[in-house]
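> Before I ask anything, let me first share the structure, which is written out below as structure tokens.
The values are calculated or read from the model by the stated rules, or taken from the named source; none is laboratory data. Computed from a predicted structure; not experimentally measured. Reconstructed Cβ throughout: ideal geometry from the backbone, glycine too, with neighbour counts over all protein chains shown. SASA here: full protein model, heavy atoms, side chains in, ligands and nucleic acids out. Shrake-Rupley method; radii C 1.70, N 1.55, O 1.52, S 1.80 Å.
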Amino acid sequence: MGGVGEPGGGRGALLPTFRWEQIRAHSLPGDKWLVIERRVYDISKWAQRHPGGSRLIGHHGAEDATEAFHAFHQDLRFVRKFLRPLLIGELAPEEPGQDGPQDARLIEDFRALRQAAQDMKLFDANPTFFALMLGHILAMEVLAWLLVYLLGPGWVPSVLAALILGVSQAQSWCLQHDLGHASVFPTPRWNRVAQQFVMGQLKGFSARWWNFRHFQHHAKPNVSHKDPDVTLAPIFLLGESSVEYGRRKRRYLPYNRQHLYFFLIGPPLLTLVNFEVENLAYMVLCLQWADLLWAASFYARFLLAYVPFYGVRGALLLYVAVRVLESHWFVWITQMNHIPRDIGQEKHRDWVSSQLAATCNVEPSPFIDWFSGHLNFQIEHHLFPTMPRHNYHRVAPMVRALCARHGLLYEVKPFLTAMVDIVRSLKKSGDVWLDAYLHQ
């Protein structure tokens, strides 16, 4: 049977063989190899052209990327044509499939589980579900405007409009997230175009910027300096970075109080300040003019809709209020599954172990499923990023059984407990920093 770069099945001429010790030497910025299904590929020059960004594929340098390859790509036939010119050899027969700690039986069982999910058509999207998601977002946008139009720009209609727009923006995050993972349409192109519309016209952000940072999070969840979501120093210290900063006597902020100032600068300002600046810088520096035009269309629509009622200053205040509300949702919902888990340096675990070490679930209910965009099924989402979210509840029992079979923690928390655990984790990391700062 042919490798990933040879779907036809014939191997042709014998390929050079490599040992892991040779492959390990090729993990430099301009010199990167990786392994997929025991085939060795030189991605040094091609990494800059990788659609998901050079950092994403570079994080797998000198590693076995087989599971990540299958997890991230919806259409493997399409992707394989890019691999063929990069093929330089294969692993020596006596070499294990993965360098470093691995559980061969776990990997084998996970691949069987993935195949079973494919046979059950759990990677097939339900068009009606996603049509309803888009429909209710658009309905909320119209409802918010109608409240102000019919009732006037008083306090009550303005507050209600801001709340509705905040929910709409949160649900738009969820829908663009689905599209970014290519879990809605059967072809990558349609997912990409639809994501540009949702992310640009409905939210005012760049789809490429989001994918650039978010795919890194999925590739190396909770790995310091590789996952942007947990690389928050010097503002917040998480996991092993607390010890590092303490030992080096770094004190830019009172980190032993970070669980308190989190409420002042975390949830309120992430979307309004950090994301806005980072997003604009990415579009300008990376020359993403199409995304910039999409984002401009959002601001034009918002101002045209609300300046007639509030004036420029009032419309901008409404915009800030919506972003702050949206930011609270984003921080609490997206971090309840990750911050309380293991955060630190690269451990070079297999795909399943690395995802489970960095994620946990939150107890499902119809409201929580909707409110969180099904991110309460974070374990299933991380194991199968391209699976449509409405199928997580079907694959969850299979994942739980896999974890039980291999003695892996499958953690499910109540919603409020997950919220509180974010603050507890911040306090714990701050206390670790203070202890290391004072005594080491």
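> Quick one: how many residues across the range 372-395 are part of a loop (DSSP other than H, G, I, E, B), open to solvent by less than 10 Å² (accessible area, probe 1.4 Å) and farther than 29 Å from Pro96 by Cβ?
So the count comes out to 4.
> Next question, about the same structure. State which residue is nearest to Ser158 (Cα to Cα) when the search covers only the range 272-329 and only residues that are among the hydroxyl-bearing types (Ser, Thr, Tyr) and within 20 Å of the chain's Cα centre (by Cα).
Step one: list which residues in the range 272-329 are among the hydroxyl-bearing types (Ser, Thr, Tyr), which gives 282, 297, 299, 306, 310, 319, 327.
Within this subset, residues satisfying the condition of being within 20 Å of the chain's Cα centre (by Cα) are 282, 327.
Numbers: Tyr282: 32, Ser327: 18 Å.
Among residues in the range 272-329 that are among the hydroxyl-bearing types (Ser, Thr, Tyr) and within 20 Å of the chain's Cα centre (by Cα), the one nearest to Ser158 (Cα to Cα) is Ser327.
> So Ala315 passes all but one of these: (1) in contact (Cβ under 8 Å) with a residue 24 or more places away in the chain; (2) open to solvent by less than 50 Å² (accessible area, probe 1.4 Å); (3) among the hydrophobic types (A, V, I, L, M, F, W, C); (4) in a helix (DSSP H, G or I). Which condition number does it fail?
(1)
> Can you tell me which residue is most open to solvent (accessible area, probe 1.4 Å) among those in the range 176-233 that are among the hydrophobic types (A, V, I, L, M, F, W, C), assigned to a loop (DSSP other than H, G, I, E, B) and closer than 13 Å to Phe130 by Cβ? Explain how you work it out, then say what you get.
We begin by selecting, within the range 176-233, every residue among the hydrophobic types (A, V, I, L, M, F, W, C); these are 179, 182, 184-185, 190, 193-194, 197-199, 202, 205, 207, 209-210, 212, 215, 219, 223, 230, 232-233.
Of the ones still in play, those that are also assigned to a loop (DSSP other than H, G, I, E, B) are 182, 184-185, 202, 205, 230, 232-233.
Then keep just the ones that are closer than 13 Å to Phe130 by Cβ; that gives 182, 184-185.
Values: Ala182: 17, Val184: 27, Phe185: 79 Å².
Residue satisfying both the conditions and the ranking: Phe185.
> Identify the residue in the range 29-39 that is open to solvent by 50 Å² or more (accessible area, probe 1.4 Å) and modelled with pLDDT of 90 or more and, among all such residues, is farthest from Glu108 (Cα to Cα). Outline the logic, then answer.
Just the residues of the range 29-39 that are open to solvent by 50 Å² or more (accessible area, probe 1.4 Å), to begin with: 29-30, 37-38.
Imposing the further condition that a residue be modelled with pLDDT of 90 or more reduces the set to 37-38.
Working: Glu37: 12, Arg38: 14 Å.
My answer is Arg38.
> Continuing with the same structure: Confirm whether Ala139 is modelled with pLDDT of 95 or more, within 20 Å of the chain's Cα centre (by Cα) and more than 30 Å from Leu402 (Cβ to Cβ). Walk me through how you get there before you give the answer.
Details: modelled with pLDDT of 95 or more: yes; within 20 Å of the chain's Cα centre (by Cα): no; more than 30 Å from Leu402 (Cβ to Cβ): yes.
So Ala139 fails the test.
> OK, next. How about the range 354-371: which of its residues are hydrophobic (A, V, I, L, M, F, W, C) and either modelled with pLDDT under 95 or open to solvent by less than 40 Å² (accessible area, probe 1.4 Å) (or both)?
Looking only at the range 354-371, we keep the residues that are hydrophobic (A, V, I, L, M, F, W, C), and these are 356-358, 360, 362, 367-368, 370-371.
Hits for the range 354-371 are Leu356, Ala357, Ala358, Cys360, Val362, Ile368.
> Of the residues that sit in the range 42-60 and are more than 28 Å from Leu179 (Cβ to Cβ) and in contact (Cβ under 8 Å) with a residue 12 or more places away in the chain, which one is most open to solvent (accessible area, probe 1.4 Å)?
Step one: list which residues in the range 42-60 are more than 28 Å from Leu179 (Cβ to Cβ), which gives 42, 44-45.
Next, from what is left, pick out any that are in contact (Cβ under 8 Å) with a residue 12 or more places away in the chain: 42, 44.
On the way: Asp42: 52, Ser44: 26 Å².
Step by step, filter the range 42-60, then rank; the result is Asp42.
> Of all residues in the range 102-143 being small (Gly, Ala, Ser), in contact (Cβ under 8 Å) with a residue 12 or more places away in the chain and out of contact with any Pro (no Cβ under 9 Å at 6 or more places or on another chain), which is nearest to Val167 (Cα to Cα)? Walk me through how you get there before you give the answer.
Here is the first cut: in the range 102-143, the residues small (Gly, Ala, Ser) are 104, 112, 116-117, 125, 131, 135, 139.
Now narrow it down to the ones that are in contact (Cβ under 8 Å) with a residue 12 or more places away in the chain: 116-117, 125.
Restricting the remaining residues to those that are out of contact with any Pro (no Cβ under 9 Å at 6 or more places or on another chain) gives 116-117.
Working: Ala116: 36, Ala117: 32 Å.
So the residue we want is Ala117.
> Name, by its number, the condition in (1) open to solvent by 40 Å² or more (accessible area, probe 1.4 Å); (2) farther than 21 Å from Gly180 by Cβ that does not hold for His73.
(2)
> Something else now. Please specify each residue of the range 166-177 satisfying the condition of being in contact with a Phe, Trp or Tyr (Cβ under 9 Å, 6 or more places away or on another chain) and within 16 Å of Tyr319 (Cα to Cα).
Gly166, Val167, Gln169, Ala170
> Still on this structure, please answer the following. Looking only at the range 345-355, decide whether some residue is on the phi > 0 side of the Ramachandran plot, of a type in the set (A, V, I, L, M, F, W, C) and within 25 Å of the chain's Cα centre (by Cα). Spell out the reasoning first.
Applying the first criterion (on the phi > 0 side of the Ramachandran plot) to the range 345-355 yields 348.
Those still in the list that are of a type in the set (A, V, I, L, M, F, W, C) too: none.
The answer is no; no qualifying residue exists.
> Before we move on, is Gly2 modelled with pLDDT under 85, over 19 Å from Asp227 (Cα atoms), of a type in the set (Gly, Ala, Ser) and surrounded by fewer than 15 Cβ atoms within 10 Å (Cβ to Cβ)?
Numbers: modelled with pLDDT under 85: yes; over 19 Å from Asp227 (Cα atoms): yes; of a type in the set (Gly, Ala, Ser): yes; surrounded by fewer than 15 Cβ atoms within 10 Å (Cβ to Cβ): yes.
Judged against the criteria, Gly2 is a match.
> Anything in the range 98-157 that is on the phi > 0 side of the Ramachandran plot and open to solvent by 80 Å² or more (accessible area, probe 1.4 Å)? List them, or say none.
Of the residues in the range 98-157, the ones on the phi > 0 side of the Ramachandran plot are 100, 121, 152.
Of everything in the range 98-157, just one residue is on the phi > 0 side of the Ramachandran plot and open to solvent by 80 Å² or more (accessible area, probe 1.4 Å), namely Lys121.
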